[in-house]
Amino acid sequence: MPAPAGAMALGMSAPMGVSQLLEIAILGLLNESPMHGYELRKRLSGLLGTFRAFSYGSLYPTLRKLSEAGWTTEEEVTPTAGAGGRARRGKRVYMLTAEGKERLAELLSEVGPDAFDDEGFGARLAFFAQTRSDIRMQILEGRRRRVEEQRDGMKSALARTRERLDRYTLELQEHGLESVDREVRWLNELIENEKTSNTSTQRTTNPKEDR
């Protein structure tokens, strides 16, 4: 089931900040495969395209910091000669080091309030495939609690002000409430799927328990 509108908006809340978002995104993408700068920019644009604070100008300084920390390394790849025998400019390929893999695992294992916010949740969800199942469940349940609180607040506010709202404002408020309800249902589905997946994994790991 696709995410409801707004649920996949990627980014981070203020406590995590832009630099840590980029750190997670870059390490997570490089953990999938080595990439040259242009490819990494394209993948980040697709992943973080709706993150309002993201800029390409912050990409390469972040890459330098990750390299200085020993979490990434880079290699110059010399392409074959182009038409007419003219040499093409070499491409710098970025790769994750063993220490970088450990750093990514550490970042993905952290669960704080920012992981439940609108923007922070989307960023964490993008790397769920690289996140431990127990951490995934904590984030999903935390996000559901946050959205349910938001829904309850919206219902209370609407009940107090309904009689004073004009038709168009009322429609807008009800549309927003419907969107939040859809996200709660979507999160319920994700949580149930996660529980089913965990149960299946446990049965595969401990087949004697089913006998």
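Once region 33-64 is narrowed to residues that are at pLDDT 85 or above and not in a helix (DSSP H, G or I), the residue that is most open to solvent (accessible area, probe 1.4 Å) is PRO34.
Go through region 83-124 and count every residue that is at pLDDT 85 or above and either closer than 15 Å to ILE26 by Cα or in a strand (DSSP E or B) (or both). Counting residues in region 83-124 that are at pLDDT 85 or above and either closer than 15 Å to ILE26 by Cα or in a strand (DSSP E or B) (or both) gives 18. Kindly indicate the residue of region 155-183 that is open to solvent by 50 Å² or more (accessible area, probe 1.4 Å) and under 22 Å from ARG143 (Cβ atoms) and also nearest to the chain's Cα centre (by Cα) among those meeting that condition. The qualifying residue nearest to the chain's Cα centre (by Cα) is ARG182. Residues in region 125-140 that are part of a helix (DSSP H, G or I), free of Cβ contacts under 8 Å to residues at least 40 places away in the same chain and open to solvent by 20 Å² or more (accessible area, probe 1.4 Å): PHE128, ALA129, ASP134, GLN138.
The values are calculated or read from the model by the stated rules, or taken from the named source; none is laboratory data. The structure presented is a predicted model; accordingly, all values stated were derived computationally and were not measured. Backbone-built Cβ (ideal geometry, glycine too); neighbour counts: all protein chains shown. Heavy atoms of the whole protein, side chains included, go into the accessibility calculation; ligands, DNA and RNA do not. Shrake-Rupley method; radii C 1.70, N 1.55, O 1.52, S 1.80 Å.
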